[in-house]
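Here's the structure, in structure tokens; my notes come after.
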Amino acid sequence: MKITFYGHASLGIEVGGKNILVDPFISPNPKAAHINVNELAADYILLTHAHGDHIADVEAIAKRTNAVIVSNAEIADYYSAKGFQAHPMNHGGSWNFDFGKVKYVNAVHSSSFPHGATGGNPGGFVIESEHKNIYIAGDTALTMDMKLIPMRTKLDLAILPIGDNFTMDVEDAILASDFVECDKVLGYHFDTFGYIEINKEEAIRKFFNKGKDLMLLEIGASIDL
């Protein structure tokens with residue numbers, strides 16, 4: 001499994017011969033100006049919720065690639081009505097895709113489209129592939145529901161928001177890594193704009209002091225699991 005950070009909360013995942021994009025907000029992000037969205041491969045697009053900073057590039061990418069949009073029922077129905085392929089899910093449900101099993105799990109946040117339509121309830125994803133399992137938290141507060149995840153899935157990586165203000169901060173993300181029983185963490189949803197700027201060195205040190213590994217990738221950089 002290869003995971004690429006495209007800035008903010010946008011990810012690329014290569015697994016099982018398939019390309020997955022998560023929450024593509026790339027073209028409006030000046031920090032990701034060197035990423036060409038027209039060159040990104042996508043068989044699936046996973047959306048945690050409907051906020052503009054998570055869906056900005058969905059339609060352009062899906063139109064070009066014919067990717068299947070996977071999200072909650074309201075978001076999936078919204079894109080289906082516009083002619084896109086979509087797979088609806090809801091909290092606690094899972095589905096076996098051709099790259100692995102995906103479960104839609106709880107997140108504590110809000111979810112509405114930029115024009116005001118409802119985006120249902122926000123969520124995160126647990127992806128179980130043949131060899132590696134990951135948790136993509138989405139935008140969320142720290143929640144006790146995270147403790148349910150390791151009861152079913154042993155994680156190899158937790159992808160957690162750390163920018164504060166709109167989501168968890170670093171300290172809560174450390175607790176979240178305890179809750180999901182995963183000490184290897186990829187941080188995201190930070191530094192895109194003023195409200196979520198962080199001290200990256202301090203964040204890494206705080207995780208290290210708790211015996212954990214926080215990875216903060218440069219935009220366009222990747223890790224292999």
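Residues that are of a type in the set (D, E, K, R) and open to solvent by less than 90 Å² (accessible area, probe 1.4 Å) within region 129-140 comprise Lys132, Asp139, listed in sequence order.
Taking region 62-92 as the range and being open to solvent by 50 Å² or more (accessible area, probe 1.4 Å) and over 20 Å from Tyr104 (Cα atoms) as the test, the residues that pass are Lys63, Arg64, Asn66, Ala81, Lys82, Gly83. The set of residues in region 205-225 that are closer than 29 Å to Asn19 by Cα and either in a helix (DSSP H, G or I) or in contact (Cβ under 8 Å) with a residue 60 or more places away in the chain (or both) comprises Leu217, Glu218, Ile219, Gly220, Ala221, Ser222, Ile223, Asp224, Leu225. If we scan region 163-170, do we find a residue that is open to solvent by less than 70 Å² (accessible area, probe 1.4 Å), touching a residue at least 24 places away in the same chain (Cβ under 8 Å) and farther than 17 Å from Val108 by Cβ? For region 163-170, residues open to solvent by less than 70 Å² (accessible area, probe 1.4 Å), touching a residue at least 24 places away in the same chain (Cβ under 8 Å) and farther than 17 Å from Val108 by Cβ: present. Would you check if there is a residue in region 111-121 being modelled with pLDDT of 95 or more and under 26 Å from Gly220 (Cβ atoms)? Checked region 111-121: at least one residue is modelled with pLDDT of 95 or more and under 26 Å from Gly220 (Cβ atoms).
Scan region 187-204 and tell me whether some residue there is under 13 Å from Pro161 (Cβ atoms), among the hydroxyl-bearing types (Ser, Thr, Tyr) and either in contact with a helix residue (DSSP H, G or I) (Cβ under 8 Å, 6 or more places away or on another chain) or surrounded by 14 or more Cβ atoms within 10 Å (Cβ to Cβ) (or both). The answer is yes; a qualifying residue exists. Residues that are in a strand (DSSP E or B), under 17 Å from the mean Cα position of the chain (by Cα) and touching a residue at least 40 places away in the same chain (Cβ under 8 Å) within region 113-128 comprise Gly123, Gly124, Phe125, Ile127, listed in sequence order. Just a yes or no: is a residue in region 141-156 under 21 Å from Lys206 (Cβ atoms), small (Gly, Ala, Ser), open to solvent by 10 Å² or more (accessible area, probe 1.4 Å) and in a loop (DSSP other than H, G, I, E, B)? Taking every residue of region 141-156 in turn, at least one turns out to be under 21 Å from Lys206 (Cβ atoms), small (Gly, Ala, Ser), open to solvent by 10 Å² or more (accessible area, probe 1.4 Å) and in a loop (DSSP other than H, G, I, E, B).
Considering region 112-127, and only residues there that are buried (at least 21 other Cβ atoms within 10 Å of the Cβ) and out of contact with any helix residue (DSSP H, G or I) (no Cβ under 8 Å at 6 or more places or on another chain), the residue that is farthest from Lys2 (Cα to Cα) turns out to be Pro122. Considering only region 32-54, state which residues are part of a helix (DSSP H, G or I) and either closer than 21 Å to Lys103 by Cβ or more than 18 Å from the chain's Cα centre (by Cα) (or both). Of everything in region 32-54, those that are part of a helix (DSSP H, G or I) and either closer than 21 Å to Lys103 by Cβ or more than 18 Å from the chain's Cα centre (by Cα) (or both) turn out to be Asn38, Glu39, His54.
Out of Asp77, Asp23, Asp57, I need the residue that is among the acidic types (Asp, Glu) and in contact with a Gly (Cβ under 8 Å, 6 or more places away or on another chain). Which one?
Result of the check over Asp77, Asp23, Asp57: Asp23.
For the condition at pLDDT below 95 and not in a helix (DSSP H, G or I), Glu181 does not qualify. Going residue by residue through region 95-102, is there one that turns out to be in contact with a Ser or Thr (Cβ under 9 Å, 6 or more places away or on another chain) and assigned to a loop (DSSP other than H, G, I, E, B)? The answer is yes, given that some residue of region 95-102 is in contact with a Ser or Thr (Cβ under 9 Å, 6 or more places away or on another chain) and assigned to a loop (DSSP other than H, G, I, E, B).
The values are calculated or read from the model by the stated rules, or taken from the named source; none is laboratory data. Every value quoted in this text rests on a predicted model; they were computed, and no experiment measured them. Every residue, glycine among them, receives a Cβ derived from its backbone with ideal geometry; neighbour counts consider all protein chains shown. For accessibility, only protein heavy atoms count, side chains too; no ligands or nucleic acids. Shrake-Rupley method; radii C 1.70, N 1.55, O 1.52, S 1.80 Å.
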